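The values are calculated or read from the model by the stated rules, or taken from the named source; none is laboratory data. Keep in mind that this is a model prediction, so the values were computed, not measured. All Cβ positions, even for glycine, are placed from backbone atoms using ideal geometry, and neighbour counts span all protein chains on display.
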Amino acid sequence: MTKSQQVIMYMGVAIMAVTAGLLLRAQLTSNPQSAENGGAETLFAASLPDLQGKNQSISQWRGNVMVINFWATWCEPCRDEIPEFIELQEKFRAKGLVFIGIAVDQQERTAAFSKEIGINYPVLVGDMRALDLAGAAGNRQGALPFTVVIDRGGNIIGTKLGRLSRSKLESMIKPLL
């Protein structure tokens, strides 16, 4: 094979790789609004055990501004953002804000960490089922932390993969309260 044939072959492979990447990206991002709307309904249909092992339906908090945070005790960015969530829950509880923590973890570890740090909002334990719920709400990577903000009408108005700063979250929820 001549050098020019090799160059043409490599260029062809590169073009195919770029095309495949663009097609995959288009597939993953196609109509995100309908995925989010369906994601909210999937979340509301879910029922997970709380820290005492009693099943709780997420739909019981419908009508509130909801911040649903998928997290784990072993996830350092998750642990870093929770104290700010505790403060915001305290600050805006009377205005109809409810945080819901969904742990992708073991019940015992989740309960111990929740008690230690003083979480003041509902915590549910979803093990690997929680990742399915997060995926339905838009977390295609399956990474943590992942936060979903839902308005009083039950619509997802924003999601964030990774640590969510207090200022960013506050700017998202204030207009909804």
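Scanning region 55-73 for residues that are over 19 Å from Ala143 (Cβ atoms) and not in a helix (DSSP H, G or I) returns Asn55, Gln56, Ser57, Arg62, Gly63, Asn64, Val65, Met66. The set of residues from region 112-140 being of a type in the set (D, E, K, R) and closer than 14 Å to Pro83 by Cα comprises Lys115, Glu116. Here Gly63 meets each of (1) closer than 25 Å to Gly38 by Cβ; (2) within 13 Å of the chain's Cα centre (by Cα) with one exception, condition (2). Annotation: Ile157 fulfils all but one of (1) under 21 Å from Arg62 (Cα atoms); (2) crowded, with 17+ Cβ neighbours inside 10 Å; (3) hydrophobic (A, V, I, L, M, F, W, C); the unmet one is (2). Could you tell me whether Val104 is under 17 Å from Gly39 (Cα atoms), crowded, with 19+ Cβ neighbours inside 10 Å and assigned by TED's automatic domain parsing to the domain that holds Ala40? In short, no.
Checking each residue in region 73-96 for being touching a helix residue (DSSP H, G or I) at 6+ places or on another chain (Cβ under 6 Å) and not β-branched (Val, Ile, Thr) picks out only Glu84. If you go through region 72-79 one residue at a time, do you hit one that is under 17 Å from the mean Cα position of the chain (by Cα), charged (D, E, K, R) and at pLDDT 95 or above? Checking region 72-79: at least one residue is under 17 Å from the mean Cα position of the chain (by Cα), charged (D, E, K, R) and at pLDDT 95 or above.
Could you say whether any residue in region 8-30 is within 18 Å of the chain's Cα centre (by Cα), at pLDDT below 75 and either in a helix (DSSP H, G or I) or closer than 30 Å to Leu133 by Cβ (or both)? Checking region 8-30: at least one residue is within 18 Å of the chain's Cα centre (by Cα), at pLDDT below 75 and either in a helix (DSSP H, G or I) or closer than 30 Å to Leu133 by Cβ (or both).
With respect to being in the same structural domain as Gly153 (by TED's automatic domain parsing), outside any loop (DSSP other than H, G, I, E, B), within 18 Å of Lys160 (Cα to Cα) and modelled with pLDDT of 95 or more, Gly39 falls outside the description.
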